[in-house]
Structure formats: structure tokens, C-alpha cells
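A.B. asks: Right, I'll just put the structure down here and ask away after.
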Amino acid sequence: MTDQYIASLSKEDWKRIVFALKSYVITEEWSLSRDNHGDKEWQELNVYETLMKDIELYVIGDDK
């Protein structure tokens, strides 16, 4: 059994996380386009975009 840790992060921390995710997504999009990767890699990247959007919507809210 693993211990669970519930983080107490400020909105500014969440904004930093979103910024990091956006940076990662942009870098990976460039790499995938450059190297002409297939659908599998693009779908895997979509998980990060969805996570980023969920954080913006459900955690940060209108206070972007």
C-alpha cells in the first residue's frame, strides 16, 4: 500500500505547472512535426494537453 500525499499548492504554483505543460507540449509538437511521427505519439501528447486544460478550467478557474 502506498501513502497518499495531498499537495497544497497555490494558484501561482498551478499556473507554473500549466506553463511547464504548455512548454512541453510546444516542444513535443515541434519535434513530432519535424520527425513526422504517427498518430500514436500525437495521441500520447494529447494527454498532456488535456491535463493542462483541466487544470486551467477546474483548478485555476477564471483567474488566469
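The values are calculated or read from the model by the stated rules, or taken from the named source; none is laboratory data. Because the structure is a prediction, the values reported are computed rather than measured. Because the Cβ atoms are built from the backbone with ideal geometry, glycine has one as well, and the counts that use them run over all protein chains shown.
A.B. asks: What are the pairs, 6+ residues apart or on separate chains, where a residue within the range 20-37 that is at pLDDT 90 or above has its Cβ under 9 Å from a residue that is of a type in the set (D, E, K, R) and surrounded by fewer than 12 Cβ atoms within 10 Å (Cβ to Cβ)?
C.D. replies: So the pair list comes out empty.
A.B. asks: When residues of the range 38-62 are filtered for being charged (D, E, K, R) and either modelled with pLDDT of 90 or more or under 11 Å from the mean Cα position of the chain (by Cα) (or both), how many remain? Let's see the steps before the verdict.
C.D. replies: Of all residues in the range 38-62, those charged (D, E, K, R) come to 39-41, 44, 49, 53-54, 56, 62.
Right, trim to either modelled with pLDDT of 90 or more or under 11 Å from the mean Cα position of the chain (by Cα) (or both) and you get 44, 49, 53-54, 56.
Adding up the residues that qualify gives 5.
A.B. asks: Given SER10, SER33, which one is more than 9 Å from the chain's Cα centre (by Cα) and surrounded by fewer than 10 Cβ atoms within 10 Å (Cβ to Cβ)?
C.D. replies: None of the others qualify; the one that does is SER10.
A.B. asks: Looking only at the range 1-18, which residues are at pLDDT below 90 and aromatic (Phe, Trp, Tyr)?
C.D. replies: TYR5
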